[in-house]
């Protein structure tokens, strides 16, 4: 049986760009190797999201093009109640309309400095790990 981890980082990117490498660098700093799941195909990406064994998930989608974003739009229902971070190719009206339909927690753009994405990830991970420690250490309630 798989070891239960409090968090899983699920990363979707179809291109191995400099931004892709930066995101992986962030992931390696914030997550254990067993908590990182990297995908370039929608089928594997959706299976990873639905896979049991993780208390929380953080989903990051690096959409280098509007086609990348269109590939994940059919998964809209799967993203419900899961924290999604989107990195978009630009802020055109159509792109933003599609992106907002996924109800992301955070949106950034490929051309922006990636430090903000790191800070958002760091805050999310810290909150999840603190919550899981409190939950694990909480003893029985005596009435």
Open item on the list: I'm checking my understanding of the structure. Among residues of segment 48-72 that are surrounded by 14 or more Cβ atoms within 10 Å (Cβ to Cβ) and part of a helix (DSSP H, G or I), which one is nearest to the chain's Cα centre (by Cα)?
Closed with: 49
TODO: For residues that are more than 19 Å from residue 14 (Cα to Cα), surrounded by 12 or more Cβ atoms within 10 Å (Cβ to Cβ) and within 15 Å of the chain's Cα centre (by Cα), tally how many sit in segment 79-103.
DONE: 3
TODO: Would you be able to say whether some residue in segment 73-84 is touching a strand residue (DSSP E or B) at 6+ places or on another chain (Cβ under 7 Å) and part of a helix (DSSP H, G or I)?
DONE: no
TODO: Could you please let me know if residue 87 is touching a helix residue (DSSP H, G or I) at 6+ places or on another chain (Cβ under 7 Å), touching a residue at least 24 places away in the same chain (Cβ under 8 Å), under 26 Å from residue 25 (Cβ atoms) and in a strand (DSSP E or B)?
DONE: yes
TODO: Filter segment 12-31 down to the residues that are in a loop (DSSP other than H, G, I, E, B) and crowded, with 17+ Cβ neighbours inside 10 Å, then identify the one that is farthest from the chain's Cα centre (by Cα).
DONE: 14
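Only the coordinates and a few stated rules stand behind these numbers; no lab work does. Keep in mind that this is a model prediction, so the values were computed, not measured. Ideal geometry is used to build each Cβ from the backbone, glycine not excepted, and the neighbour counts take in all protein chains shown.
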